[in-house]
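Inspection log for the structure reproduced underneath, given as structure tokens.
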Amino acid sequence: LHPAGMTRNSTSDATARLQEAEAKRELSRQLKQALKAPEAGRSAEEAALLAANPEAVARHQSAMNRTAARKLQEEANAMEVEEDAAGLQQKVVRLAELLRAAKHAVVYTGAGVSTSASIPDYRGPQGIWTLSKKGAHNASSAAKADMMGMAFVEAQPTPTHMGLAALTARGLVKSVVSQNVDGLHLRP
């Protein structure tokens, strides 16, 4: 018997499985590297590797396409949109109609309500997580917490916060549910 009660055969089987798994990982790494290179810039060795593994290439290419599509969608989602005055006016009128007709209007808010109060959001174009992901925000977690704390203390309610408070006071909005921890919608 070998260590840990393994027989010579089970040890060699385990070793073979580990070697096979490592070979698959190495092949995958090489395929990814070859696929990232422009087709015209691939070496003969890379071209041969890709040609010899069509199924794996298809899987990797599909995964790369999904990743690229997801990144494009994330960028599109992060873009801020500004309405033209006429379109905004129509939406305001419609919102007022809906609020007057509602029995129990509830407003659900997020970080966008407080960004104009100089409180950074997390996922927006200049958000803490967005910048961290891009490597542009190198502050430590403690420094980020301090920055957020300072922003909370110094921040003043925005017209949006004041509008929500007024709508609540008039009974047009029954409740405000907020993801924000700044409490600006509660300040007078």
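Overview of results
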| quantity | calculated |
| --- | --- |
| Condition met for Val106 (aliphatic (A, V, I, L, M), in contact (Cβ under 8 Å) with a residue 60 or more places away in the chain and either surrounded by 10 or more Cβ atoms within 10 Å (Cβ to Cβ) or not assigned by TED's automatic domain parsing to the domain that holds Ala155 (or both)) | yes |
| Odd one out for Leu99, checked against (1) surrounded by 10 or more Cβ atoms within 10 Å (Cβ to Cβ); (2) closer than 19 Å to Ala165 by Cα; (3) free of Cβ contacts under 8 Å to residues at least 40 places away in the same chain | (3) |
| Qualifying residue in region 74-97 (condition: under 30 Å from Gln30 (Cα atoms) and either modelled with pLDDT of 80 or more or not aliphatic (A, V, I, L, M) (or both)) | yes |
| Residues that are touching a helix residue (DSSP H, G or I) at 6+ places or on another chain (Cβ under 7 Å) and touching a residue at least 12 places away in the same chain (Cβ under 8 Å), drawn from region 122-136 | Arg123, Gly124, Pro125, Ile128, Thr130 |
| Members of region 149-179 that are closer than 13 Å to Ser116 by Cα and not in a helix (DSSP H, G or I) | Ala155, Gln156, Pro157, Thr158 |
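The values are calculated or read from the model by the stated rules, or taken from the named source; none is laboratory data. The shown structure was predicted, so the numbers you read here are calculated from the model rather than taken from an experiment. Note that each Cβ is placed from the backbone with ideal geometry, even for glycine, and that neighbours are counted across all protein chains shown.
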